[in-house]
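The values are calculated or read from the model by the stated rules, or taken from the named source; none is laboratory data. Please read all numbers here as calculations on a predicted model, not as lab measurements. Cβ atoms come from the backbone with ideal geometry, glycine included; neighbour counts cover every protein chain shown.
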Amino acid sequence: MKRLVVVGTQWGDEGKGKITDFLAQEADVVCRYQGGNNAGHTVIIDGVKHSLHLLPSGILNPNILNVMANGMVINPEAFYQEISQFNDFKLVISDRAHVVLPYHLEYDKASEHQKGDQKIGTTHKGIGPAYRDKASRVGMRVSTFVHPTRMKEKLLSLIEDANRELYGMGLGNLDFQSIYQNYQKYADFMRPYVADTSIVLNDMIKEDKKILFEGAQGVLLCLDHGTYPYVTSSSPTAASVPLNTGIAPWLVEGAVGVTKAYTTRVGSGPMPSEIHSSLADDIRIKGKEFGTTTGRPRRIGWIDTVILNHSKRVSGLTGIAMTLLDVLSGVDTLNICVSYTLDGKEIHSIPADIQDFERCTPNYITMPGWHEDITGVKHFDELPLNCKNYMEKIESLIDTKIVMFSVGPDRHQTIMKERVF
Ligand code: GDP
Ligand code: IMO
Ligand code: MG
């Protein structure tokens with residue numbers, strides 16, 4: 001396959017950064033196609049940890065072209081700070097991506113505050129409000145942002161509107177002049193990277209280059225196919241790639257679904273297979289399950305094949321990359337959620353209505369766990385029998401092969417079972 005999508009199959013943080021970085025060793029291009037700095041992708045190479053939020057996970061390889069495509073929302077200050085850590089890279093940013101402005105962050109916090117108990121638990125990075133402006137046709141594209149004269153007028157009108165709305169919410173005024181001064185600096189910095197990335201990508205395809213599309217978040221956080229309203233404001237599915245990058249749908253050749261050996265979630269919303277015993281704390285500590293972007297403790301649950309089958313269906317997964325298997329070493333008995341019960345009936349799909357999903361109770365099968373340390377395993381055959389059985393059971397429950405797996409956070413702790421790229 002020459003054009004492969006890396007998709008999160010759960011509620012994010014499945015290890016997409018790690019898998020993308022690993023596969024990128026064979027790639028010419030790595031392209032992020034949606035989201036913004038709500039994402040936090042960890043890449044660890046030879047013990048050195050990198051946390052990426054906006055930048056594609058190919059940024060650590062100077063030979064790879066990194067693309068931030070039109071579907072993204074980019075906070076210029078966050079971009080400036082993140083890119084300043086690197087000095088040898090290739091990067092282009094779409095002129096059609098949207099810009100996150102300071103008032104988006106204010107709205108995000110204020111609307112979460114207003115929701116009280118019903119809050120989504122967003123990352124407070126202004127992502128929802130930035131996509132709202134895009135959908136309302138008032139947002140600022142990167143092309144305007146880096147334009148030598150047009151940015152000022154657009155920013156002024158947006159901030160005037162925002163101040164009226166913030167005033168209505170009982171919040172303070174934003175100062176145009178200081179924002180403008182800062183944003184001019186960021187625009188000057190960003191300008192050299194800006195291009196029509198649809199043209200760049202299509203040229204790469206004509207040259208037969210290998211492209212990885214790196215999703216942020218996970219299918220269950222998709223605006224359309226996720227657990228609405230507890231979702232993000234973009235679509236991480238493979239179907240989102242053509243629209244959000246400007247390539248033809250039929251040019252996407254496959255999708256690797258990155259799947260934790262268990263489940264995690266940050267933020268609010270139902271999670272039927274959530275573990276409420278002290279085992280959740282043990283897994284959280286062993287798996288270092290604290291948000292890369294916000295530091296929040298992640299909620300922990302058993303693997304859920306209802307969710308995986310949903311993600312497989314809506315995203316057309318061609319293989320699974322199973323991560324964090326090492327974290328389950330030492331758990332005596334493993335549960336696998338295979339269906340839910342709702343109103344006394346067994347169901348195998350996710351109800352659309354969030355209140356129904358909240359009422360779903362999980363049905364489990366159990367598998368014996370393993371106790372061996374697997375962090376040094378280099379081949380599938382070296383895994384303990386119970387670990388192999390666990391993986392094979394999941395493969396059969398979702399009718400999809402595990403094509404690669406990982407037994408530790410470092411790049412070298414990733415094992416290919418089948419060549420996919
Ligand atoms: P992403 O958002 O999908 O890229 O995932 P994150 O980077 O937010 O979270 C995944 C976490 O798991 C990071 O801390 C990774 O370093 C870590 N990780 C990834 N794969 C493995 C693995 O196989 N074992 C262990 N122990 N940690 C892993
Ligand atoms: P990566 O790419 C996990 C969650 C937030 C919240 C919901 C909406 O690292 O997997 P938003 O700020 O996007 O409006 O928040 O989505 N969320 C993530 N959870 N990993 C992420 O990204 C996430 N990005 C957003 O916690 O529940
Ligand atoms: Mg993450």
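If I filter the stretch 303-311 for residues that are surrounded by 24 or more Cβ atoms within 10 Å (Cβ to Cβ) and in contact with a Pro (Cβ under 9 Å, 6 or more places away or on another chain), do I get at least one hit? Within the stretch 303-311 (the criterion being surrounded by 24 or more Cβ atoms within 10 Å (Cβ to Cβ) and in contact with a Pro (Cβ under 9 Å, 6 or more places away or on another chain)), the answer is yes, since at least one residue qualifies.
Set side by side, the residues 63, 37 differ, and just one is assigned to a loop (DSSP other than H, G, I, E, B) and either away from ligand 2 (no atom under 13 Å from the Cβ) or of a type in the set (Ser, Thr, Tyr) (or both), which is 63. Is it true that residue 375 is surrounded by fewer than 16 Cβ atoms within 10 Å (Cβ to Cβ) and part of a strand (DSSP E or B)? Spelling it out, it is not the case that residue 375 is surrounded by fewer than 16 Cβ atoms within 10 Å (Cβ to Cβ) and part of a strand (DSSP E or B). Of the residues 266, 256, the single one that is aliphatic (A, V, I, L, M), in contact (Cβ under 8 Å) with a residue 40 or more places away in the chain and more than 19 Å from residue 327 (Cβ to Cβ) is 256.
Residues are listed down the side, and each one gets a yes or a no for (1) surrounded by fewer than 21 Cβ atoms within 10 Å (Cβ to Cβ); (2) within 18 Å of residue 38 (Cβ to Cβ); (3) within 26 Å of the chain's Cα centre (by Cα):
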| site | (1), (2), (3) |
| --- | --- |
| 87 | yes, no, yes |
| 100 | no, yes, yes |
| 116 | yes, no, yes |
| 122 | no, yes, yes |
| 125 | no, yes, yes |
| 149 | yes, no, no |
| 152 | yes, no, no |
| 156 | yes, no, no |
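Kindly evaluate residue 27 against the criterion of being among the aliphatic types (A, V, I, L, M), near ligand 1 (Cβ under 8 Å from one of its atoms) and either at negative phi or assigned to a strand (DSSP E or B) (or both). No: the conditions fail for residue 27.
The set of residues in the stretch 299-346 being part of a strand (DSSP E or B) and within 22 Å of the chain's Cα centre (by Cα) consists of 299, 300, 301, 303, 304, 319, 320, 321, 322, 323. If residue 54 passes every condition in (1) within 11 Å of ligand 2 (Cβ to nearest atom); (2) assigned to a strand (DSSP E or B) but one, which one does it miss? It fails just one condition, (2).
Tell me, which residue of the stretch 40-51 that is more than 9 Å from ligand 2 (Cβ to nearest atom) and part of a strand (DSSP E or B) is nearest to residue 211 (Cα to Cα)? Out of the qualifying residues, it is 43.
Identify the single condition in (1) over 26 Å from residue 223 (Cβ atoms); (2) out of contact with any Gly (no Cβ under 8 Å at 6 or more places or on another chain) that residue 21 does not satisfy, given that it satisfies every other one. Residue 21 satisfies every listed condition except (2).
Look through the stretch 108-142, keep the residues that are away from ligand 3 (no atom under 16 Å from the Cβ) and touching a Lys or Arg at 6+ places or on another chain (Cβ under 6 Å), and return whichever of them is farthest from residue 98 (Cα to Cα). Step by step, filter the stretch 108-142, then rank; the result is 112. Just one residue in the set 377, 327, 338 is farther than 22 Å from residue 275 by Cα and of a type in the set (A, V, I, L, M, F, W, C); that residue is 377.
Each residue in the stretch 353-372 was checked for being in contact (Cβ under 8 Å) with a residue 24 or more places away in the chain and outside any loop (DSSP other than H, G, I, E, B), and 11 pass.
Scanning the stretch 3-24 for residues that are assigned to a loop (DSSP other than H, G, I, E, B), over 14 Å from residue 413 (Cα atoms) and of a type outside the set (A, V, I, L, M, F, W, C) yields 9, 10, 12, 13, 14. What about residue 350, is it surrounded by 14 or more Cβ atoms within 10 Å (Cβ to Cβ), at pLDDT 95 or above and assigned to a strand (DSSP E or B)? In short, no. Across the stretch 243-302, the number of residues qualifying as more than 23 Å from residue 331 (Cβ to Cβ), hydrophobic (A, V, I, L, M, F, W, C) and more than 16 Å from ligand 2 (Cβ to nearest atom) comes to 6.
Scanning the stretch 279-289 for residues that are more than 8 Å from ligand 1 (Cβ to nearest atom) and either modelled with pLDDT under 95 or assigned to a loop (DSSP other than H, G, I, E, B) (or both) returns no hits.
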